[in-house]
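Trainee: Would you mind keeping the following structure in view while I ask a few things?
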Amino acid sequence: MKKNIKYLYIIFLLLLGISCKNKSSKYIPPINKSSSDKPSTNEPPVIRQLDSNQIVFKGSYKYSNGNKQTNGTKHIQGIITDSSFIYWSFTHAIIKTDYKGNVIDSLIDENQKYTNHFADLTLVNDKLIVTSEHWPPAWGKKSKIYSINKNNFKEIEAHPINLGKIEGAVNHGAGTIEHYNNKYYLSGYIKKGTDLIVSELNENFEFLRQINLGVNSPKNGIQTMKIINDEFWISCYGPPGTIDHLFVFDNEWNLKYHNNFSTIYGMAQNDKESFFVVRVKENITYLEKVSF
């Protein structure tokens, strides 16, 4: 009898062990993700170029450079768009086209009446806000911001700025500008190896503060700057023989990501899912529609 009870007890323990083993094999512990497992906020968006959506600039212009007459478009500096038109900034001209690239209106800077170098631009209500640069030794001393009526290209106002008065900003001319939340953000040429900086201005183009982006200038500072989906997209040349740089900051100027998608000739948001990028190939200037 005792031996039977002993055998029954052993069988019971064996069955209990099997039962526990089966239960433990089905148990899935909770996953506590470490910070390295979480989606990175520094991952750039997936950018897809849509070649079938090219918009070719179909204009040309004559401009004077001293006694020399030149035909062509010179170097594209930036673009901005509205629902009906594209506004192209070239070194010596601001040109308005439709979405087929046909010229509607233009401001040609004959004999450098306004500046020796138009730069990037933005659009505020009916005003094109255009930056201008001046070559050394006048960097930051003769730069101006121009306000141009987009409807007639005749009402033109100049707003002199003296970036040389801004501590640390003496090395950059007015090369790019953007408007966001009732303020202007201005930058441009910055010596290689020094930090990228942006100057914040009020609606009257008066200096408010300087923003150090904490990123070294790869070559000649900031070429283009645009708000895309409430973020600051900033484009810089790379050193000779290298690739260009795109830095994206949130609207409080925290760096989100950096990649090498080139937008140095200009960019502008199209809609929530796409934007335009300027391309130049074999003297043809055109826009590509690019999706996120």
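Each value in this text was obtained by applying a stated rule to the coordinates, not by laboratory testing. Since we're looking at a predicted model, the values are computed, not measured. Heads up, the Cβs are rebuilt from the backbone with ideal geometry, glycines too, and the neighbour counts pull from every protein chain shown.
Trainee: Please identify every one of the GluC sites (Glu not before Pro) in segment 231-292 that sits in a loop by DSSP and has no more than 11 other beta carbons within 10 Å of its own beta carbon.
Mentor: On the way: sites: Glu231, Glu252, Glu273, Glu282, Glu288; in loops: Glu252, Glu273, Glu282.
Qualifying residues, ordered by number: Glu252, Glu273, Glu282.
Trainee: Let me ask you something else. Among Trp233, Trp253, what is the fewest-to-most ranking by other Cβ atoms within 10 Å?
Mentor: The order, fewest Cβ neighbours first, is Trp253, Trp233.
Trainee: Work out how much length Asn260 to His159 would gain on full extension: take 0.36 nm times their residue separation and subtract the Cα-Cα distance, in nm to one decimal.
Mentor: Details: separation 101, 0.36 × 101 = 36.36 nm, distance 3.38 nm.
Separation in residues times 0.36 nm, less the Cα-Cα distance, equals 33.0 nm.
Trainee: Could you tell me which trypsin sites (Lys or Arg not before Pro) in segment 251-292 are loop residues by DSSP with no more than 10 other beta carbons within 10 angstrom of their beta carbon? Provide the component values of the computation, followed by the final result.
Mentor: Working: sites: Lys256, Lys272, Arg279, Lys281, Lys289; in loops: Lys272.
Sparse-neighbourhood loop trypsin sites (Lys or Arg not before Pro): Lys272.
Trainee: Which of the peptides 259-268, 150-159 is most tightly packed, and how do the rest follow, judged by the mean count of other Cβ atoms within 10 Å per residue? Intermediate values should be presented prior to the final figure.
Mentor: Numbers: 259-268: 21.2, 150-159: 13.3.
Descending mean neighbour count gives 259-268, 150-159.
Trainee: Which order do Ser132, Ser143, Ser291 fall in if you start with the one that has the fewest other Cβ atoms within 10 Å?
Mentor: Values: Ser132 24, Ser143 27, Ser291 15.
Ordered from fewest to most neighbouring Cβ atoms within 10 Å, Ser132, Ser143, Ser291 come out as Ser291, Ser132, Ser143.
Trainee: Provide the gained length on full extension for the span Asn125 to Asn251, in nm with one decimal, where the gain is 0.36 nm per separating residue minus the Cα-Cα distance. Walk me through the intermediate numbers first.
Mentor: Details: separation 126, 0.36 × 126 = 45.36 nm, distance 2.09 nm.
Gain on extension, Asn125 to Asn251, equals 43.3 nm.
Trainee: Further, regarding this structure: Hey, if you drop one equal point scatterer on each alpha-carbon of segment 189-292 and run the Debye formula without solvent, what base-10 log of I(q)/I(0) do you get at q = 0.15, 0.17 Å⁻¹?
Mentor: Here the Debye-derived log intensity ratios amount to -0.67, -0.85.
Trainee: Run the numbers for Ser84 and Phe292: contour at 0.36 nm per residue of separation, minus the present Cα-Cα distance, in nm.
Mentor: Values: separation 208, 0.36 × 208 = 74.88 nm, distance 2.24 nm.
Length gained, Ser84 through Phe292: 72.6 nm.
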